[in-house]
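Please treat every number below as a calculation from the coordinates, not as lab data. Owing to the predicted nature of the structure, the values given are computational and were not obtained by experimental measurement. When we count neighbours, we look across all protein chains shown, and the Cβ atoms used for this are built from the backbone with ideal geometry, even at glycine.
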Amino acid sequence: MKKFFCLTIISMFLLLISCTDSTKTSTDNTGTSQADENLAKNSRVYKAIETGDAATLDSLISSDAVDHQGPNGTEIKGTDNVKHMLADIHNHLKDGKFEVIEAATNGDYIFTLARVTGTTADSTWGMPPGSKVDEKGVDVVKIRDGKMVEHWGFVDPAAMMKKMHEMHSMERKMETMPKK
């Protein structure tokens, strides 16, 4: 198990290092490369999610977009469904912040190390209301025709294992509480 986690972390590290865009793609007359434009759009998506600005997402997400990291392992398809899922975050996470720690591009892909912080509003995410959230993960987004068409998300395995342990401990504590 330890070998798996070590290999996963090393693989993610190597992936991020290898994905820096050392060659500029089509540069327009303002000196902005396609890679720079994609990174700017990526930042706008995180800001739109943080603020709940669904209208901005229309210009950034393709109508046939697929989010491979939907709730409970489901795929979310289409702009309207993706926007609904992202807007729903605000129902479950108060004072949520989405910080782009680092982002890199390679062709049609954007790789982002992001941090999400906030406070749970309910127990939808498996934590009691009022729990502090402070998690990091890697998002991979595919771009086509200037819009985001696919998203995959990867969480820190150590943080996930810790959260699973905390949830299991909470379940055991609830089982031992006297029933009313």
Net charge near Ile143, counting Lys/Arg +1 and Asp/Glu -1 over other residues with Cβ under 11 Å of its Cβ? 0
Using amide H atoms built 1.01 Å from N in the peptide plane, name the residues 5+ places from Ser131, or on other chains, whose amide H lies under 5 Å from its own. Thr120
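Arg144 to Ala55: extension gain in nm, 0.36 nm per residue of separation minus the Cα-Cα distance?
That works out to 30.1 nm of additional length.
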Rounded, prolate or oblate: which fits region 33-171, taking a ≥ b ≥ c as square roots of the Cα gyration tensor eigenvalues, rounded meaning a/c under 1.5, else prolate when a/b beats b/c? prolate
Can you return the aspartates and glutamates within cross-link range of Lys142? Criterion is Cα-Cα under 19 Å, with same-chain partners fewer than 8 residues away left out. Asp21, Asp36, Glu37, Asp58, Asp64, Asp67, Glu75, Asp80, Glu102, Asp108, Glu150
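Measure up Lys77/Lys162; Lys97/Lys147; Lys94/Lys162; Lys41/Lys97; Lys136/Lys179; Lys77/Lys136 against 29 Å on the Cα-Cα distance and list the ones that go over.
On the way: Lys77/Lys162 31 Å; Lys97/Lys147 23 Å; Lys94/Lys162 22 Å; Lys41/Lys97 17 Å; Lys136/Lys179 37 Å; Lys77/Lys136 24 Å.
Among Lys77/Lys162; Lys97/Lys147; Lys94/Lys162; Lys41/Lys97; Lys136/Lys179; Lys77/Lys136, the Cα-Cα distance tops 29 Å for Lys77/Lys162; Lys136/Lys179.
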With θ taken as phi - 60° and the coefficients 6.51, -1.76 and 1.60, list the Karplus ³J(HN,Hα) couplings across region 89-104 in order, rounded to whole Hz; mark glycine and proline as x. 3, 5, 6, 10, 10, 7, 6, x, 10, 10, 10, 7, 7, 7, 9, 9
